[in-house]
Amino acid sequence: MPSVDLATTPLRDLNAALHALSLDTPDTHWTVTNPRGRHSVAVGVAVPVTVEVAGHVGYYCAGMNERATIIVAGSAGVGVAENMMSGRVHVKGDASQAAGATGRGGLLVIDGNASARCGISMKGIDIVVKGNIGPMSAFMAQAGRLVVLGDAGDALGDSIYEARLYVRGAVKSLGADCIEKPMREEHHAELRALLDAADLADVPTTAFRRYGSGRTLYNFHVDNAAAY
């Protein structure tokens with residue numbers, strides 16, 4: 001099991017080693033120690049390996065992730081799992097702004113809270129936040145699912161397209177064209193699968209509300225000019 005100590009090894013060398021891995025690499029489990037808030041830890045990993053980071057990370061950890069499982073035993077800065085394609089990213093602490101931004105696939109799990117713009121412009125990623133999320137989360141979210149066990153800040157889902165939002169706690173306010181929608185049987189089933197994937201099998205789906213696009217801003221109309 002390769003172990004990289006960022007107190008002695010340059011971050012560039014860690015990422016270069018991860019990028020050089022082949023799909024059939026025998027080195028499938030990596031540990032990274034002393035990250036000390038460094039930016040861009042384990043970015044662009046494109047093979048099905050597990051990378052465990054023992055500590056807090058800075059901006060864009062696990063950005064552009066594809067296939068890998070990346071576990072952060074701490075909190076993460078801005079843009080964790082930004083533009084993620086597939087795989088799984090698990091932050092065991094809190095996440096700063098823009099967690100999962102523009103993500104196209106895979107699963108991002110945040111054990112703590114996420115700050116503003118969580119899931120901004122998401123395009124297929126699934127995000128499960130066990131705490132609260134900040135304002136303007138799921139802004140212009142196009143596809144994917146965002147699950148929040150806590151509360152949501154102002155302007156949730158502003159200018160949302162077809163992403164689905166599930167919130168168990170209170171929503172401070174909804175953004176432009178985001179509305180509450182009924183929880184039908186298929187939505188309970190979808191939410192159940194997401195909670196199970198995030199190791200939350202004991203959390204029932206009954207207390208969640210679903211939010212999504214009202215589909216009134218898809219095409220420009222002068223009567224809606226103030227909402228754009």
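Distance from the Cα centroid of the stretch 45-63 to that of the stretch 195-211 is 26 Å (rounded to whole angstrom).
Its relative contact order, with pairs defined as Cα atoms under 8 Å and 6+ residues apart, puts the stretch 143-200 at 33 percent. Per residue of the chain, the DSSP helices (runs of n ≥ 4 H) give a summed -39500 (n - 2.57) that works out to -3000 deg cm²/dmol at 222 nm. Dipole of the chain computed with +1 at Lys/Arg Cβ and -1 at Asp/Glu Cβ about the Cα centre; of Ser159, Val57, Gly144, farthest Cα towards the positive end is Ser159. Using only alpha carbons, the stretch 1-62 has a radius of gyration to Kirkwood radius ratio (Rg to Rh) of 0.93.
Could you list Phe139, Phe208 in order of exposure, starting from the residue whose Cβ has the fewest other Cβ atoms within 10 Å?
Details: Phe139 24, Phe208 20.
Listed from fewest to most nearby Cβ atoms, that is Phe208, Phe139.
For the stretch 3-214, calculate the relative contact order in percent as a whole number, restricting contacts to Cα pairs under 8 Å that are 6 or more residues apart. For the stretch 3-214, the relative contact order is 10 percent.
Largest first, the extents of the alpha carbon coordinates of the chain on the three principal axes equal 59, 39, 29 Å. Seen from Leu194, the other residues with C-beta closer than 10 Å to its C-beta sum to a net charge of 0, counting Lys and Arg as +1 and Asp and Glu as -1. The residue among Val43, Ala73, Gly214 whose Cα reaches farthest toward the positive pole of the charge dipole of the chain, with charges on the beta-carbon of Lys, Arg, Asp and Glu, is Gly214. Starting from the Cα gyration tensor of the stretch 54-145, take the square roots of the eigenvalues, sort them a ≥ b ≥ c, and report rounded, prolate or oblate (rounded when a/c is under 1.5, otherwise prolate if a/b is larger than b/c, else oblate). Because a/c hits 1.5 or more and a/b fails to exceed b/c, the stretch 54-145 counts as oblate.
Laboratory data are not the source of any read-out in this text; all were calculated from the coordinates shown. Computed from a predicted structure; not experimentally measured. All Cβ positions, glycine included, derive from the backbone under ideal geometry; neighbour counts span all protein chains shown.
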